Every structure is written in C-alpha cells, then in structure tokens.
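The values are calculated or read from the model by the stated rules, or taken from the named source; none is laboratory data. These figures come from a predicted structure and were not determined experimentally. Cβ placement follows ideal geometry from the backbone for every residue including glycine, while neighbour counts extend to all protein chains displayed. Protein only, heavy atoms only, side chains kept; ligands, DNA and RNA dropped before computing areas. Shrake-Rupley method; radii C 1.70, N 1.55, O 1.52, S 1.80 Å.
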Amino acid sequence: MSWAAMLRTAMALGVPPDAFWRLSLKEWRMLTERAGAPTLGRDGLEALMARWPDEVNR
C-alpha cells in the first residue's frame, strides 16, 4: 500500500495527518486489521509444513 493510500485510509478512519505520522506500525496494523480475518496458528502452520515439506537437494 502506498503512503498516499495509507493516509487516505487513516483520514477515512478519522485519524488526522499529524496523528497518522506518529502511529507505530503495530498501531497502524491494529487500526486497519479486518475483524474476523483468518490467522495462521501453530496447528495450521504444522499442517502446511507436513503437506509441503522443504526438500534439501544434496
């Protein structure tokens, strides 16, 4: 996402420009995170690793 798009998103959320530039990356992610978005937990990661293991060519 470009800086301009991020600033437009912040303004749409009611975050003024001066506050936008003071946000940490963690704060930005919390503001723009979609509610209910799926996350990859340990079980999901292990299932992916089992399904597509890394192959070492020696």
Here the residues within segment 1-18 that are open to solvent by less than 90 Å² (accessible area, probe 1.4 Å) and assigned to a loop (DSSP other than H, G, I, E, B) are Ser2, Gly14, Val15, Pro16
Scanning segment 19-45 for residues that are open to solvent by less than 90 Å² (accessible area, probe 1.4 Å) and either in a helix (DSSP H, G or I) or in contact with a Lys or Arg (Cβ under 8 Å, 6 or more places away or on another chain) (or both) gives Ala19, Phe20, Glu27, Trp28, Leu31, Thr32, Gly44, Leu45
Flagged pairs (Cβ under 9 angstrom, 6 or more apart or on separate chains; first in segment 36-58, hydrophobic (A, V, I, L, M, F, W, C); second open to solvent by less than 100 Å² (accessible area, probe 1.4 Å) and at pLDDT 90 or above) are Leu40/Leu48
